[in-house]
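Scroll down for the structure; my scribbles are underneath it.
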Amino acid sequence: MQGTPAALKYLQKSDFEKGLQGPPGLSASSGPEFQELIADINSISKSRISGLGKGDSHTEYDVILQPGHYLRPSGRTGTQGKYVSEQALVAFLTDKVAKKLRDSGESALVISADDYLRPTGKAGYFNGLHSKVFLAIHADGNRRPCTSGPSLAYQGQATALATNMIGLGLADAMGYNYKDFRANFTANEANYYMFGQVRSKRLTGLLEVGELTCEKSETDLIASSSQIGANVARAIDFIIRTPEAAVANSTRRHSSVTRHSAARSVM
Ligand SMILES: [Zn+2]
């Protein structure tokens, strides 16, 4: 990687990438193994994800995760693929991430799309949810199928290390070139509705894992769901455990690049 900031050099020197999982074998995207995964994903909408709650304002969570549109009964309820819904797929992914992080001893709160402790703006201080990392996970659709890729949008204070770890984790899990993904980092201009609702020290981000209205992309997302969950959890774990000084340089340098995908409004 050329002209990389200090945080990227830190990332390359760390053993972060060594511990990432690569894409699954071909059997995961067809036959009984694939059918089983689809059934697992679809069954999650009938049960609640563990760790789901509204949260409280006196706790600084290590991570707050929000599966896109989760438990929203009407309005913007997310997109639908051929095999799974966005709500089910991202709930499944979020559940995997949250479980891994809890296994590593981190506190992981999962919030639904609408039922979380909202800041009131009263009393002159922020009385909403606090965390080290906030990540919303979506898998959206496109009117023109197979035209949008994964993307990561974040608020300005996110660090280069944080965004690159998430990006690299997703790219490795799905087996695509990480450079393609880095072009889809977007800074502040992405106006995700949650960005004003939480305060996070290291990363306040919106991860679009890929397009559900594209059968190839949907199949890859389903087949790689375990790997995506493991790698995103590893990225968050590293972000939380890396000393703040090592991640001091900001990602502002990327903010001028392509913004089309994350600029879609995601409510
Ligand atoms: Zn969505």
(request) Could you give the spread of the C-alpha atoms of segment 1-133 along their three principal axes, from largest to smallest, in whole angstroms? (result) 57, 45, 29
(message) Given a Förster distance of 30 Å, report the FRET efficiency between residue 216 and residue 115 from their Cβ-Cβ distance, rounded to the nearest 0.05.
(response) 0.30
(message) Using square roots of five times the C-alpha gyration tensor eigenvalues, list the equivalent-ellipsoid semi-axes of segment 195-238 in whole Å, biggest first.
(response) 25, 15, 5
(request) Before rounding to the nearest 500, sum -39500 (n - 2.57) across all DSSP H runs of length at least 4 in the chain and divide by the residue total; then give [θ] at 222 nm in deg cm²/dmol. (result) -10000 deg cm²/dmol
(request) Obtain the nm distance between the two label points defined at residue 144 and residue 107 by a simple spin-label model: each point lies 7 Å from its Cα along the Cα-to-C-beta direction. (result) 4.7
(request) Tell me, rounded to the nearest percent, the portion of alpha carbon pairs in segment 137-216 spaced more than 16 Å apart. (result) 51
(request) Can you tell me the equivalent ellipsoid semi-axes for segment 39-104? Use √(5λ) from the Cα gyration tensor, largest first, whole Å. (result) 23, 15, 9
(request) Could you calculate the FRET efficiency of residue 58 with residue 178 from 1/(1 + (r/R0)^6), where r is the beta carbon distance between them and R0 is 45 Å, rounded to 0.05? (result) 0.70
(message) Taking a ≥ b ≥ c as the square roots of the Cα gyration tensor eigenvalues, with a/c under 1.5 meaning rounded and otherwise prolate when a/b beats b/c, else oblate, which class fits segment 12-70?
(response) oblate
(request) Once you have a ≥ b ≥ c as the square roots of the Cα gyration tensor eigenvalues for segment 73-114, tell me rounded if a/c is under 1.5, and otherwise prolate or oblate according to whether a/b is larger than b/c. (result) oblate
(message) Once you place label points 7 Å from the Cα toward the Cβ at residue 46 and residue 33, how far apart are they in nm?
(response) 2.5
(request) With springs only between Cα atoms under 10 Å apart, run a GNM on the chain and tell me which of 196, 121, 105 wobbles the most. (result) 121
(request) Taking the Cα atoms of the chain, report the difference between the largest and smallest coordinate on each principal axis, in whole Å and largest first. (result) 53, 44, 37
(request) Could you grab the relative contact order for the chain? Cα pairs under 8 Å, six or more apart, rounded to a whole percent. (result) 28
(message) Based only on other Cβ atoms within 10 Å, what is the fewest-to-most ordering of 195, 126, 16?
(response) 126, 195, 16
(message) Using a 7 Å offset from the Cα along the Cα-to-Cβ direction at both residue 241 and residue 82, what is the distance between the two label points in nm, to one decimal?
(response) 4.0
(message) Using a 10 Å cut-off around each Cβ, can you sort 228, 240 from fewest to most neighbouring Cβ atoms?
(response) 240, 228
(request) Mind sorting 52, 26 by how few other Cβ atoms lie within 10 Å of their own Cβ, fewest first? (result) 26, 52
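Coordinate-derived values only; no laboratory data. These numbers come from a predicted model, not from an experiment. No Cβ is skipped: glycine too gets one built from the backbone with ideal geometry, and neighbour counts run over all protein chains shown.
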